[in-house]
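The values are calculated or read from the model by the stated rules, or taken from the named source; none is laboratory data. Not measured: the values here are computed from a predicted model. Cβ placement follows ideal geometry from the backbone for every residue including glycine, while neighbour counts extend to all protein chains displayed. Each accessible area value is taken on the protein alone, full model and side chains, heavy atoms only, with ligands, DNA and RNA left out. Shrake-Rupley method; radii C 1.70, N 1.55, O 1.52, S 1.80 Å.
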Amino acid sequence: MNTSPTDTIAAIATASGAGGIGVVRVSGALSKTIANEILGHCPAPRHAAYLDFKQANGDLLDRGIAIFYPNPHSYTGEDVLELQAHGGTALMQILLARCISLGARQAEPGEFTRRAYLNDKMDLAQAEAVADVINAATVEAAKSAVRSLSGEFSQRINALLLKLIDLRMYVEACLDFPEEEIDFITQGRVGEKLAAIIAELNAVFVKAKQGSLLREGINVVLVGQPNVGKSSLMNQLAGEEVAIVTAIAGTTRDTIKNAIQINGVPLHVIDTAGLRETDDEVEKFGIARTWASLETANIALLLVDAAHGITETEKSILERLPQEIRKIWVHNKIDVTQEAAQVEEKDQTIHIYISAKTGLGIDLLKAQLLKLAGYQNNSEGVFMARARHLQALTAVETHLNFAQSQINSAELVAEELRLAQESLSGITGEFTPDDLLGEIFSKFCIGK
């Protein structure tokens with residue numbers, strides 16, 4: 001379908017399914033015309049009006065609330081009409097079809113927010129935060145997303161940008177006087193200013209990493225031989241019976257996924273089939289899935305029976321694990337061995353002693369999971385950051401550190417500051433290619 005940014009667009013803005021209220025949103029130059037046709041007249045700007053919604057032949061479609069937001073004082077910066085009707089699935093589709101028959105087209109995913117960004121109603125980081133607010137899985141994630149949506153993240157980035165641009169302008173001005181016997185770098189305290197920018201960048205980076213953790217969560221895979229207590233541990237972490245627990249080895253024959261949270265951090269826990277040699281075709285399939293699930297894991301919990309410890313079988317499992325996965329040895333069944341719940345570090349590897357049956361030591365395990373993921377018990381000022389934001393901040397850090405190492409070469413410093421500025425500007429969308437915009441907004445829901 002050929003689309004244009006000047007088209008009038010329409011979409012159902014509320015979640016799919018029946019509800020007490022449903023909203024159809026229209027944005028574009030035809031909004032006022034559509035209001036006149038459906039309502040008989042266009043409501044006063046930003047005033048909720050209770051009106052009849054009419055079909056093309058004049059029959060009553062529904063009665064509801066209509067609000068008209070004239071440009072530029074609207075979400076998208078265009079004329080916007082919102083029709084709030086009863087939230088029946090069929091009724092919403094009829095009302096949307098009525099808007100489309102009057103010249104609007106079906107909005108693409110994220111198109112309302114994309115127009116808000118293109119019309120300077122928000123920057124790109126704020127636009128992305130809209131989706132993050134909607135999709136936040138925990139209270140802490142929602143708070144961080146709202147912080148980004150309100151512009152706090154963008155303000156910190158823009159403050160860094162101003163300092164970076166100011167320093168870059170000075171260094172480039174120095175290049176205009178190559179014959180002067182003046183140490184402009186020292187006189188302008190370039191090294192000090194660069195160090196201050198790097199320190200401020202690191203502070204933003206810490207908050208962004210924390211926000212990324214709240215957004216993405218941690219993928220945790222439970223690995224071990226059959227009957228070491230993986231399913232019992234899954235149930236302890238989840239706080240409910242999500243996995244079948246029996247004394248029969250090989251009960252879990254497929255991966256079981258469950259989303260939980262610890263201190264507001266989402267954990268995507270995967271209970272896997274016990275790793276062993278077997279002739280059972282179904283169990284073989286489950287074991288294959290276990291190895292596949294490890295490809296996307298952040299942390300692997302390697303369960304062993306505390307009575308037996310780490311055997312050659314566990315060591316062979318460890319050798320097959322991807323090297324980049326962080327690992328915790330979990331010694332289970334201390335209720336049988338009568339050992340104390342504790343955390344030990346041996347050969348730079350964490351060992352935790354627990355009882356998945358009684359829950360003893362589970363809090364120690366949760367604390368270690370958060371620590372290994374880089375969680376800090378302070379969500380104040382945390383921003384909801386995405387992978388691309390962290391990549392951009394990493395690039396900025398690299399350029400600034402290189403500039404610092406080449407402080408006596410004004411040409412190299414100027415070039416690294418330029419590259420750092422370009423990477424940092426990509427976060428708020430000052431320098432963002434159209435294909436990246438398409439990828440970002442395509443992941444939004446339709447109607448937002």
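Looking across the range 31-55, the residues that are open to solvent by less than 80 Å² (accessible area, probe 1.4 Å) and either of a type in the set (Val, Ile, Thr) or assigned to a loop (DSSP other than H, G, I, E, B) (or both) come down to THR33, ILE34, ILE38, GLY40, CYS42, PRO43, ALA44, ALA48, GLN55.
Residue-by-condition table, conditions (1) under 33 Å from the mean Cα position of the chain (by Cα); (2) over 18 Å from ALA18 (Cα atoms); (3) at pLDDT 95 or above; (4) acidic (Asp, Glu):
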| position | (1), (2), (3), (4) |
| --- | --- |
| ALA44 | no, yes, yes, no |
| ALA48 | no, yes, yes, no |
| ASN57 | no, yes, no, no |
| PHE68 | yes, yes, yes, no |
| ASP79 | yes, yes, yes, yes |
| GLN84 | yes, no, yes, no |
| CYS99 | no, yes, yes, no |
| LEU102 | no, yes, yes, no |
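For the range 321-372, a residue qualifies if it is in contact (Cβ under 8 Å) with a residue 60 or more places away in the chain, closer than 28 Å to GLN210 by Cα and basic (Lys, Arg), and exactly one does: LYS366. From the list ALA66, ALA131, the one residue that fits, being surrounded by 18 or more Cβ atoms within 10 Å (Cβ to Cβ) and without any contact (Cβ under 8 Å) to a residue 60 or more places away in the chain, is ALA66.
Go through the range 139-156 and count every residue that is out of contact with any Lys or Arg (no Cβ under 9 Å at 6 or more places or on another chain), under 20 Å from GLU216 (Cβ atoms) and open to solvent by less than 10 Å² (accessible area, probe 1.4 Å). Final tally of qualifying residues: 1. Please enumerate the residues belonging to the range 288-313 that are of a type outside the set (Val, Ile, Thr), under 24 Å from ILE354 (Cβ atoms) and modelled with pLDDT under 75. Listed by number, the residues that qualify are SER293, LEU294, ALA297. The condition of being modelled with pLDDT of 80 or more and either more than 30 Å from GLU314 (Cβ to Cβ) or surrounded by fewer than 21 Cβ atoms within 10 Å (Cβ to Cβ) (or both) does not hold for VAL220. Residue check: LEU267 meets all listed conditions (1) modelled with pLDDT of 80 or more; (2) more than 20 Å from the chain's Cα centre (by Cα); (3) within 28 Å of ALA137 (Cβ to Cβ) but one, namely (2).
In the set LEU360, LEU390, LEU370, LEU365, only one residue is modelled with pLDDT of 80 or more, in a loop (DSSP other than H, G, I, E, B) and within 33 Å of the chain's Cα centre (by Cα); that residue is LEU360. Restricting GLY359, GLY374 to residues that are on the phi > 0 side of the Ramachandran plot and open to solvent by less than 30 Å² (accessible area, probe 1.4 Å) narrows the list to GLY359.
Looking at the structure I just gave you, is SER232 modelled with pLDDT under 70, outside any strand (DSSP E or B) and under 22 Å from LYS366 (Cβ atoms)? In short, no.
Could you say whether any residue in the range 13-23 is over 30 Å from the mean Cα position of the chain (by Cα), within 24 Å of ILE134 (Cβ to Cβ) and surrounded by 14 or more Cβ atoms within 10 Å (Cβ to Cβ)? Scanning the range 13-23, I find no residue that is over 30 Å from the mean Cα position of the chain (by Cα), within 24 Å of ILE134 (Cβ to Cβ) and surrounded by 14 or more Cβ atoms within 10 Å (Cβ to Cβ), so the answer is no. So for the range 379-391 (the condition being surrounded by 17 or more Cβ atoms within 10 Å (Cβ to Cβ), in contact with a Lys or Arg (Cβ under 8 Å, 6 or more places away or on another chain) and of a type in the set (S, T, N, Q)), does at least one residue qualify? Checking the range 379-391: at least one residue is surrounded by 17 or more Cβ atoms within 10 Å (Cβ to Cβ), in contact with a Lys or Arg (Cβ under 8 Å, 6 or more places away or on another chain) and of a type in the set (S, T, N, Q).
Only one of the numbered conditions (1) out of contact with any Cys (no Cβ under 9 Å at 6 or more places or on another chain); (2) in contact (Cβ under 8 Å) with a residue 60 or more places away in the chain; (3) open to solvent by less than 10 Å² (accessible area, probe 1.4 Å); (4) farther than 30 Å from LYS209 by Cβ is not met by GLY88, and that is (3). Among helices (runs of 4 or more DSSP H) entirely within the range 56-173, having at least 2 residues that are touching a Gly at 6+ places or on another chain (Cβ under 9 Å) and within 30 Å of GLU416 (Cα to Cα) singles out 111-118, 124-135. Count of the range 223-236 residues, restricted to those that are over 28 Å from the mean Cα position of the chain (by Cα), crowded, with 24+ Cβ neighbours inside 10 Å and not small (Gly, Ala, Ser), is 2.
Okay, residues lined up against (1) surrounded by 12 or more Cβ atoms within 10 Å (Cβ to Cβ); (2) more than 30 Å from the chain's Cα centre (by Cα); (3) modelled with pLDDT of 90 or more; (4) farther than 23 Å from ALA238 by Cβ:
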residue	(1), (2), (3), (4)
ASP279	no, yes, no, yes
LYS315	no, yes, no, yes
LEU321	yes, no, no, yes
THR337	yes, yes, yes, yes
GLN342	yes, yes, yes, yes
TYR353	yes, yes, yes, no
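Residues of the range 330-376 that are among the charged types (D, E, K, R) and in contact with a Gly (Cβ under 8 Å, 6 or more places away or on another chain): LYS333, LYS357. If the condition is being over 19 Å from MET384 (Cβ atoms) and either buried (at least 18 other Cβ atoms within 10 Å of the Cβ) or polar (S, T, N, Q) (or both), then the range 109-126 contributes GLU111, PHE112, ARG115, ASN119.
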